[in-house]
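Each reported figure results from applying straightforward, stated rules to the coordinates on display, with no laboratory input. None of these values were measured; they are calculated from a predicted model. Neighbour counts run over all protein chains shown; Cβ positions are idealised from the backbone, glycine included.
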There are 2 protein chains.
Amino acid sequence: MSRTIRDGAHIDVARSAARLFLEKGVAGTSGDEIAEAAGISKRTLWRYFRSKESCVEPLFARMSQNLAAKLQKWPLDMTVERFLEINYDMSKIDAQEIEDSKLVVHLIARLEEEPALLEPWFMSTRATEDLMADVIATRLELSHTDFEVRLCAATVAAAMRVIDETISRAAVKYGQVPTVAESNDRLAQAIRRAATLPFCDPVTPRGR
Amino acid sequence: MSRTIRDGAHIDVARSAARLFLEKGVAGTSGDEIAEAAGISKRTLWRYFRSKESCVEPLFARMSQNLAAKLQKWPLDMTVERFLEINYDMSKIDAQEIEDSKLVVHLIARLEEEPALLEPWFMSTRATEDLMADVIATRLELSHTDFEVRLCAATVAAAMRVIDETISRAAVKYGQVPTVAESNDRLAQAIRRAATLPFCDPVTPRGR
DNA sequence: CACAATAATGACACTAAGTGCCATTACCTG
DNA sequence: CAGGTAATGGCACTTAGTGTCATTATTGTG
């Protein structure tokens, strides 16, 4: 990103912030505490983040980027279902990433009690939307600024958000942890149904 | 709402805040200025709103509630297209409401330059989502907490948001003001395409 | 390697957002 | 009119967030 800021500096802070938020609530956590827990000065914290709540955004962003990285490799001649099925797991060998996922799931599960977390969560959904717009535009050979593409990206991102919220709540509050295959299946179904453009099916590069 | 707070006190503040935000930007407007412009004390302002940005929420909310009021009267045996066509305008005789709409359109058109306004805007979308969940649930005789209903409400609300953003930007930045009929048509189409459940078509109360 | 340029950080003072507390005022009820 | 409750205002206070500048780390260059 920038020239010399250590890669991962922001997400390290995000992890500290997330743990504090989960432990003591957003209102019960001060910026100073986050800075101290992350081992940076107060001043640097506010250079990294525009607000206390936004400190957790890098965690949400990582999930998006993760998905993005996968979707980059989605072959044009494959359905979403098949693609997600094949890609199920694979990359999730990193222990850090599993830990991050847990934090994210707990944060999402707490959205109702912690409305302050809604802002970063919605910002993340917005980022996912942009991401999906690129994916859709690429598959259908359209511009990512095209109205139809924006519309489709918005509905799909919204569907993904609902899936995330549903699964996270079920996991944290009712202990219903689905298998990765189940989650992916549910996600694929929701994406397909939410889509307003046919990007979920195989597409043919040149042909009309 | 509450026992003695004057009805419309909040939205009056919202109007003052919106005008100031549009004139001098969010960052360039202080809470004190908003309070002064609205003729209330600083202290009361912070009792009304949790943050500076959220001051404009009642304006967004009014648009949602407006739509909600209409949708309450959506007959079960009518399509969205027809319903919106029939309801096009009608209620918009109130001068105040036209003024409010203008403010909202300008606020939405400025979302890119004023990311601080994204939070209240997303909150409003969330409210619309809840609203649509009720409409969908009623039409399909389901619970508004049902996963399928939530999913559909989310995609539809997202579509409505994109329409609002598109139309507002086009109007403010390129002077392309569509007729009410055009807007409604576009809205109906987007809703229908975004929907994951068949609530846009006539539904039969008891049957099946 | 040394040195200059530039980017990142920290320290500290400062502004402004937002809260706690309590006295005062408006409103509703009997 | 009296008395209870809800809303407001004033003021002190906390904390989120910024401006400024000196210091330190990093990178590129001869």
May I ask you to sort A:R50, A:R19 by Cβ crowding, counting other Cβ atoms within 10 Å and putting the fewest first?
-> A:R50, A:R19
Starting from the Kirkwood radius over alpha-carbon pairs of chain B, derive D by Stokes-Einstein at 25 °C in a medium of 0.890 mPa s and give it in µm² s⁻¹.
-> 135
How many percent of the alpha carbon pairs in region A:9-53 exceed a separation of 11 Å?
-> 59
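If you count, for every residue in A:154-167, the Cβ atoms of partner chains within 10 Å of its Cβ, what is the mean?
Shielding by partners across A:154-167 averages 5.
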Per-residue average of Cβ from other chains inside 10 Å of A:189-202 = 3
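When the chain is fully extended, how far beyond the present Cα-Cα distance does B:E182 get from B:I98, taking 0.36 nm per residue of separation?
28.5 nm
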Neighbour-count ranking [beta-carbon atoms within 10 angstrom, fewest first] of B:W74, A:W46, A:W121 | A:W46, B:W74, A:W121
Nearest 10 degrees, 0 to 90: helix A:57-72 Cα axis against chain A principal axis = 20
Take peptide B:144-152, look around each residue's Cβ out to 10 angstrom, count Cβ atoms belonging to other protein chains, and average those counts.
-> 3
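Sorted from fewest to most neighbouring beta carbons within 10 Å, what does the list A:E113, A:E129 look like? Write down the numbers at each step before the final one.
Details: A:E113 10, A:E129 22.
Listed from fewest to most nearby Cβ atoms, that is A:E113, A:E129.
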Compactness index (Cα Rg / 2.2 N^0.38 Å), region B:98-207 | 1.18
In sequence order, calculated HN-Hα J values of region A:126-140 (Karplus, 6.51, -1.76, 1.60; Hz; x Gly/Pro) = 4, 5, 4, 4, 4, 4, 5, 4, 5, 4, 5, 4, 4, 5, 9
Which of the pairs A:K70/A:K173; A:K52/A:K102; B:K24/B:K52; B:K42/B:K102 have their Cα atoms more than 23 Å apart in this structure?
-> A:K70/A:K173; B:K42/B:K102
Quick one: angle between helix B:9-24 and the longest Cα principal axis of chain B, in degrees between 0 and 90, rounded to 10, please.
-> 70
Shape box of the protein assembly as shown [Cα atoms, principal axes, largest first, Å] | 61, 55, 43
Using a Förster distance of 41 angstrom, determine the FRET efficiency expected from the C-beta separation of B:H106 and B:D201, and round it to 0.05.
-> 0.70
Enter the angle in degrees (range 0 to 90, nearest 10) between the Cα long axis of helix B:147-174 and the first principal axis of the Cα atoms of chain B, meaning the one along which they spread out most.
-> 50
